[in-house]
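So the structure is just underneath, and the comments pick up after that.
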Amino acid sequence: MKITRALFVTPPLLQPNTPYPATMHLKGFYDALGKTTFQVDLSIKVVRDILLEYGGDEVEELLEFLGGNAPAEAKLEASAYVENLAREIREEVDSDFGFARYAEHLCAAVHRFSTLERAVKRRGVMDAPLERHLDAAIAKYRPQEIGVTCPFPGTLVGAFKIARYVRAKYPSIRLALGGGYVNTELRTTGRDKVLKYFDELELDDPTAAAAFVEPSYEGIDWSEYFDIVETDNPVINLWNSGKWRKLLMARGCYWHRCAFCDVQLPYIGKCLLGDPVKIVDAMEKLGGGFPGFHFVDEAMPPRLIRGVAEEILRRGFACEWWGNVRFDAAFDDELVALMAKAGCIAVTGGLECANDRLLALMQKGITLAGARKVLENFKRHGIFVHAYLMYDFPTETAAEERAARKYVKGLERDGLIQSSFWHRFALTVHSPICREPEKFGLEVVRPRTNFALNEVDYRVAGKRSN
């Protein structure tokens with residue numbers, strides 16, 4: 001973007017408990033350069049309006065309660081009521097409406113742009129509130145440019161509805177599209193289609209040259225956000241409850257070798273470490289009445305974690321924080337104890353196929369024995385763990401998958417992990433496996449597409465993957 005007077009926009013729909021951090025980092029970065037920028041989270045505004053339209057005063061009271069400081073377990077019943085309302089809206093009014101996504105089933109792999117356009121032109125429950133809040137933001141901030149972030153498939157329709165409306169009513173405003181979906185799905189295809197709606201397609205993060213950016217939450221109304229608590233599991237609730245301030249300790253991944261990962265892309269492959277002093281400065285500034293932080297790094301570097309933890313303790317700053325790690329040997333007992341003392345309450349990380357042969361094949365850089373020692377350290381110091389797991393990895397046998405599930409059940413039984421999530425292996429075009437599929441016994445089947453391209457089909461021993 002040629003930043004002049006810019007408005008950064010988060011489209012609907014995303015999780016309602018805390019704002020997605022893209023616009024905060026953009027605003028913080030450009031404000032530091034002396035640019036005039038503003039931001040608006042249309043996702044939370046739209047979802048609130050939809051729920052209030054169909055739920056009335058009772059839902060308004062529930063949202064106020066869910067946005068308050070009651071413990072998570074006390075919010076289960078209210079959350080269920082709001083989720084039931086969302087399901088009724090989807091079943092009776094707009095089949096594309098999802099609580100934290102819109103038309104995701106259409107947009108997960110949009111190979112034909114016409115599919116997206118039909119969804120964009122079709123009016124649904126979010127159009128009227130989206131247009132109303134766009135009008136209000138444009139009247140208030142008078143932007144010359146609007147930058148729309150599109151992080152996930154569930155925000156794609158919303159992003160293009162924004163562009164379509166602005167193009168029609170405010171043709172002098174320039175429009176730019178960026179975000180995670182753009183950087184993965186639209187890197188190699190679809191540019192001409194995007195430019196029917198947007199003036200610019202922003203590939204890669206314009207703030208990426210900075211090792212650390214202090215995000216700005218100016219313009220964010222925290223009272224609008226509310227929790228949705230689906231379980232009494234405290235780790236799973238981290239994603240859906242709590243008004244977490246989101247930060248990045250480091251850019252990229254310090255390992256960036258995993259064969260299944262998009263390590264070819266700059267947001268993973270290029271690693272820059274932030275300054276612990278600046279990171280904790282930002283934490284103190286942003287903490288307010290709720291000093292809780294979610295570090296959204298690809299993987300928080302152990303060396304940098306140490307520096308941040310030491311700085312937190314040096315200042316006597318009371319806070320809670322969590323984020324993603326690699327279960328590597330650097331997380332020894334001494335470091336984990338330091339993390340816990342400095343306020344770390346949980347970590348997430350990939351055990352992937354939970355099999356040493358496959359971990360070596362994918363160049364994960366960990367072993368099951370080494371990971372278990374790390375998990376024991378986290379348990380010893382009261383830090384909860386959520387594990388990401390993968391099945392159907394190339395060359396994985398049925399016996400290996402059964403053994404992996406048994407292994408994970410053992411970790412749960414021993415209290416070494418508090419929650420886990422299994423997902424099926426997905427082959428993406430930016431991964432080392434896709435670059436050299438023959439090393440993994442695969443044959444890539446590239447789809448015919450005039451728009452999005454990220455996950456691709458494949459054959460194993462002559463059989464199609466799905």
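Compute the distribution of all C-alpha to C-alpha distances in segment 172-321, in bins of 5 Å from 0, and list the percent of pairs in each, rounded to whole numbers. Result returned by the calculation: 2, 8, 14, 16, 16, 17, 15, 8, 3, 1, 0. Hey, with R₀ at 25 Å, roughly what FRET efficiency would Val445 and Asp192 work out to, going by the Cβ-Cβ distance, to 0.05? The pair Val445/Asp192 has a calculated efficiency of 0.55. Lysine pair count for segment 244-425 with Cα-Cα distance under 23 Å and sequence separation of 8 or more or different chains is 18. Remark: the Glu77-Ala399 segment gains 111.8 nm on full extension, using 0.36 nm per residue and subtracting the alpha carbon distance. Computed over segment 147-200, the range of Cα coordinates on each principal axis works out to 30, 21, 14 Å, biggest value leading. Eigen-decomposition of the gyration tensor built on the alpha-carbon atoms of segment 146-237 gives equivalent ellipsoid semi-axes of 28, 18, 16 angstrom, largest listed first.
Shape class of segment 363-466 from the alpha-carbon gyration tensor: prolate, with a/c at 1.5 or above and a/b greater than b/c. Just check the chain against the gyration tensor rule for me: Cα atoms, a ≥ b ≥ c as the square roots of the eigenvalues, rounded for a/c under 1.5, and otherwise prolate or oblate depending on whether a/b exceeds b/c. Here the chain falls in the rounded category.
The calculated pair-distance distribution of segment 278-333 uses every alpha carbon pair, bins of 5 angstrom beginning at 0, and gives 4, 17, 29, 26, 15, 7, 2, 0 percent.
Sorting the segments 343-350, 251-258, 52-59, 360-367 by their residues' average number of neighbouring beta-carbon atoms within 10 angstrom, most packed first, yields 343-350, 251-258, 360-367, 52-59. Legend: translational diffusion of segment 5-201 by Stokes-Einstein, Rh = Kirkwood radius over C-alpha pairs, 4 °C, 1.567 mPa s; D = 74 µm²/s.
Please give the FRET efficiency for Glu60 paired with Lys121, using the beta carbon to beta carbon distance and R0 = 30 Å, rounded to the nearest 0.05. The calculated FRET efficiency here is 0.45. Shape class for segment 28-143: oblate, because the ratio a/c of the largest to smallest gyration tensor axis (alpha-carbon atoms, square roots of eigenvalues) is 1.5 or more and b/c is at least a/b. A simple packing score, the average count of other Cβ atoms within 10 Å per residue, orders the peptides 131-139, 210-218 as 210-218, 131-139, with the highest score first. Take a quick pass over segment 5-201 and tell me how many lysine pairs come in under 27 angstrom between Cα atoms, counting only ones 8 or more apart or on separate chains. Eligible lysine pairs with Cα atoms under 27 Å apart amount to 29. Measuring spread by the Cα atoms of segment 244-425 yields a radius of gyration and Dmax of 16.6, 52 Å. With both residues required to sit in segment 244-425, DSSP beta bridges show an antiparallel share near 10%.
Computed from the coordinates by the stated procedures, all read-outs in this text should not be read as laboratory data. Small disclaimer: the values here were computed from a predicted structure and weren't measured. Reconstructed Cβ throughout: ideal geometry from the backbone, glycine too, with neighbour counts over all protein chains shown.
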